[in-house]
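The values are calculated or read from the model by the stated rules, or taken from the named source; none is laboratory data. This is a predicted model, so every value here is computed, not measured. Using ideal geometry, Cβ is built from the backbone for each residue, glycine included, and neighbour counts are taken over all protein chains shown. All accessible areas refer to the heavy atoms of the entire protein, side chains included, with ligands and DNA or RNA removed. Shrake-Rupley method; radii C 1.70, N 1.55, O 1.52, S 1.80 Å.
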Amino acid sequence: MFTGTYENSIDSKNRLIIPAKYRNQLGGECVLSRGYDRCIYIYTMEDWGLLVEKLKELRQSDPAIREFIRKLFSQASECKLDSQGRVIVPANLKSYARIDKDLVTLGAMDKIEVWSKEIFNENEDDNLMDDEDFIAKLAEYGL
């Protein structure tokens, strides 16, 4: 499980240093993909495989599902961590997440999220932990 929040940056060669806490969990390789809300998701190879299996169960006769799968897989990238624990962020994902330099990298259960610091800070004021409607929605799941 990935937890914690780190502030870091991307260098001029589009390399992101994976926080040391996450490197062992990734096992030297990972998949970068588009995430929700304009961030990049980083999956272990195992968790990416589990996601793929779930997506195979979706009805691809639905145009929205096809579009989602197309966007997710066409912009995903398998990466190997270099000796310093870095991965190269492809230009298409960097553009999608509106990443310039400063980042927020955080653990999000089964994946890592990489955010432009600017976009992350814009959303920081939204606190679902205090939102009564959201708390009621969680209660429906027994949380």
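The portion of the accessible surface of the chain made up by carbon and sulfur, rounded to a whole percent, is 50 (1.4 Å probe; DNA, RNA and ligands excluded).
Label positions at MET109 and LYS137, each projected 7 Å from the Cα along the C-beta direction, are separated by 1.3 nm. Which label marks the calculated value of P(r) over Cα pairs in 5 Å bins from 0, in percent, given the options [x] 2, 9, 17, 20, 18, 16, 11, 5, 1, 0; [y] 2, 10, 17, 20, 16, 11, 8, 6, 4, 2, 1, 1, 1, 0, 0; [z] 2, 10, 19, 23, 21, 16, 7, 2, 0, 0? Computing P(r) over Cα pairs in 5 Å bins from 0, in percent and matching it to [x] 2, 9, 17, 20, 18, 16, 11, 5, 1, 0; [y] 2, 10, 17, 20, 16, 11, 8, 6, 4, 2, 1, 1, 1, 0, 0; [z] 2, 10, 19, 23, 21, 16, 7, 2, 0, 0 gives [x]. Would you please classify the overall shape of segment 50-91 from the alpha carbon gyration tensor, given that a ≥ b ≥ c denote the square roots of the eigenvalues, rounded means a/c under 1.5, and beyond that prolate means a/b larger than b/c while oblate covers the rest? It is oblate, given that a/c is not under 1.5 and a/b is not larger than b/c.
Near ILE18, the amide H atoms lying under 5 Å from its own belong to ARG86, VAL87; only residues 5 or more places off or on other chains count, and H is placed 1.01 Å from N. The trypsin sites (Lys or Arg not before Pro) of segment 1-96 that DSSP puts in a loop, and whose beta carbon has at most 16 other beta carbons within 10 Å, are LYS13, ARG59.
The relative contact order of the chain, computed from alpha carbon pairs under 8 Å that lie at least 6 residues apart in sequence, is 36 percent. Counted without the sites themselves, the longest stretch of the chain free of GluC sites (Glu not before Pro) in a DSSP loop having at most 12 other beta carbon atoms within 10 Å is 58-123.
The GNM of the chain, with springs linking C-alpha atoms under 10 angstrom apart, assigns the highest mean-square fluctuation among ILE42, ILE88, ILE112 to ILE88.
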